[in-house]
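This report refers to the structure that appears directly beneath it.
The values are calculated or read from the model by the stated rules, or taken from the named source; none is laboratory data. These figures come from a predicted structure and were not determined experimentally. FYI the Cβ positions are ideal-geometry reconstructions off the backbone, even for glycines, and counts take in every protein chain you see.
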Amino acid sequence: MDTKRSTIPAAEEILGKYYRVLDHGFVALVDYMGSDEAVEQAARVSYGAGTRKVSETRGLIRYLRRHRHTTPSEMVEFKFHCAMPMFVARQWIRHRTASVNELSARYSLMPLLFYTPKAEQFELQSRSNKQGREGGAPAEVYREAIERWERLRADASDTYRWMVEEDVARELARIDLPVSMYTQWYWKVDLHNLLHFLSLRVDPRAQWEIQEFARAIAGMVKRVAPLSYEAWVDYDLEARPLTRAERDILSRLVDASSEAIAARGGARVSKDDMKQAGLAPREVRELLEKLQAPARPDFELDLARFRSAEEVSAEMYQAVPGDFQ
Ligand SMILES: Cc1cc2nc3c(=O)[nH]c(=O)nc-3n(C[C@H](O)[C@H](O)[C@H](O)COP(=O)(O)OP(=O)(O)OC[C@H]3O[C@@H](n4cnc5c(N)ncnc54)[C@H](O)[C@@H]3O)c2cc1C
């Protein structure tokens, strides 16, 4: 039967396919409702009759995002099926403005699948960012970490299997499974809150593993609502708000008139001047970062990373312990 709902060919192409993330994880767009047109449609209602020709869809969407008129983008919905290590799930679940239904380890047997970072991701504690990593770890440390992880995971899996075989309740058998283990959920969220999630989680300050999931989801948003995605990159992701003191500093360097923006001849603002203007040392560093030429990120999906639902389901079932597959 033909649908009366609006569908987007680029989204239909990936619908229900499973995008590989990390070693055993995935993101699948299982459903969506609306697209850029739904944002426009909702906004036009709030603008009232007689304003239909005020702007093209793209111009309107960009205006809405620039001015943080966000409710029209709540009209677009996404539903994903995702599998991620539990430590990623703990970060992800902090985003409260979504609906979640997680695999129950009280009800179901857990697939014994664990995340193992690749060598290039196995880095040392960052000196500049207490929540980060930097610089490769020695190869022998990585080798030993793999050995230790394998021992620990084999032990945890063995205990889990044994308890299940002894008919211990699943809700108890699971209590010492490590947070490297994969869990799964359905995650439904609207476009506005999804873009907020993406702004925080594709950011280099987020943990690399959750960034990987966020990048995959950004690629899916690009397919469902390309104009909203573009406006998000331009006005949120790659935008940097200026504080009062920062604007003061910049106005000493450039002369903005209604005709043009011109550099003030010979003007220079030293780090001391910035401190005088009220910037803390960290804010000075942040301002210098803000003024670097922006990147143009691209979250294009690599279609070769898609697998079928059947293939993914078989992998999960094979990892369920013993005769219970
Ligand atoms: C790099 C990074 C490091 C982090 N480190 C830590 C950490 O060390 N410890 C830690 O506990 N968390 C940490 N977090 C989690 C962070 O503090 C947020 O909880 C998480 O990013 C979710 O953001 P949010 O609340 O804006 O999102 P959502 O929960 O999706 O909420 C979206 C928006 O809705 C509004 N909102 C939602 N619920 C409420 C409410 N109850 N009251 C008022 N407004 C509400 C807010 O405006 C909010 O911004 C970290 C996050 C990042 C990105």
Would segment 15-25 turn up any residue that is out of contact with any Lys or Arg (no Cβ under 9 Å at 6 or more places or on another chain), of a type outside the set (Lys, Arg) and without any contact (Cβ under 8 Å) to a residue 60 or more places away in the chain?
yes
Within segment 303-316, is there a residue that is over 28 Å from residue 203 (Cβ atoms), hydroxyl-bearing (Ser, Thr, Tyr), loosely packed, with under 15 Cβ neighbours inside 10 Å and within 30 Å of the chain's Cα centre (by Cα)?
yes
If you check every pair at least six apart or on different chains, which have Cβ atoms under 7 Å apart with a residue in segment 192-203 that is in contact (Cβ under 8 Å) with a residue 40 or more places away in the chain first and a residue that is of a type in the set (Asp, Glu) second?
192/74; 195/236
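If I go through segment 128-160 residue by residue, how many of them are more than 27 Å from residue 176 (Cβ to Cβ) and within 16 Å of the ligand (Cβ to nearest atom)? Explain how you work it out, then say what you get.
The first filter runs over segment 128-160 and keeps only residues more than 27 Å from residue 176 (Cβ to Cβ), leaving 128-130, 132, 134-136, 138-140.
Filter once more, so that each one left must be within 16 Å of the ligand (Cβ to nearest atom): 128-130, 132, 134.
Selection size over segment 128-160: 5.
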Answer yes or no: is there a residue in segment 122-142 that is under 23 Å from residue 83 (Cβ atoms), assigned by TED's automatic domain parsing to the domain that holds residue 88 and out of contact with any Leu (no Cβ under 8 Å at 6 or more places or on another chain).
yes
So residue 237, is it in contact (Cβ under 8 Å) with a residue 60 or more places away in the chain, under 35 Å from the mean Cα position of the chain (by Cα) and crowded, with 18+ Cβ neighbours inside 10 Å
yes
So which pairs qualify, if the first residue must be in segment 102-115 and crowded, with 21+ Cβ neighbours inside 10 Å, the second must be at pLDDT below 95 and among the β-branched types (Val, Ile, Thr), the Cβ gap must be under 8 Å, and the two must be at least 6 apart or on different chains?
110/320; 111/320
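Could you run through segment 207-234 and say how many residues are within 12 Å of the ligand (Cβ to nearest atom) and crowded, with 19+ Cβ neighbours inside 10 Å?
If we filter segment 207-234 for residues that are within 12 Å of the ligand (Cβ to nearest atom), which is where we start, we get 207-208, 210-211, 214.
Then drop every residue that is not crowded, with 19+ Cβ neighbours inside 10 Å, which leaves 210, 214.
Residues in segment 207-234 being within 12 Å of the ligand (Cβ to nearest atom) and crowded, with 19+ Cβ neighbours inside 10 Å: 2 in total.
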When segment 183-201 is checked residue by residue, the ones that are surrounded by 20 or more Cβ atoms within 10 Å (Cβ to Cβ) and among the hydrophobic types (A, V, I, L, M, F, W, C) are 187, 189, 191, 194, 195, 197, 198
Would you tally the residues in segment 177-206 being away from the ligand (no atom under 14 Å from the Cβ) and not hydrophobic (A, V, I, L, M, F, W, C)?
6
Of the residues in segment 285-302, those that are surrounded by fewer than 10 Cβ atoms within 10 Å (Cβ to Cβ) and in a helix (DSSP H, G or I) come to 289
Could you list, in sequence order, all residues of segment 82-124 that are among the small types (Gly, Ala, Ser) and out of contact with any Gly (no Cβ under 9 Å at 6 or more places or on another chain)?
89, 98, 99, 104, 105, 108
Given (1) modelled with pLDDT under 95; (2) assigned by TED's automatic domain parsing to the domain that holds residue 162; (3) part of a loop (DSSP other than H, G, I, E, B), index of the condition residue 1 fails
(2)
Counting only residues that are more than 16 Å from the chain's Cα centre (by Cα) and at pLDDT 95 or above, give me the helices (runs of 4 or more DSSP H) lying completely in segment 84-198 with at least 2 of them.
139-165, 170-173
Just one of 150, 120 is of a type outside the set (Ser, Thr, Tyr) and loosely packed, with under 11 Cβ neighbours inside 10 Å; which is it?
120
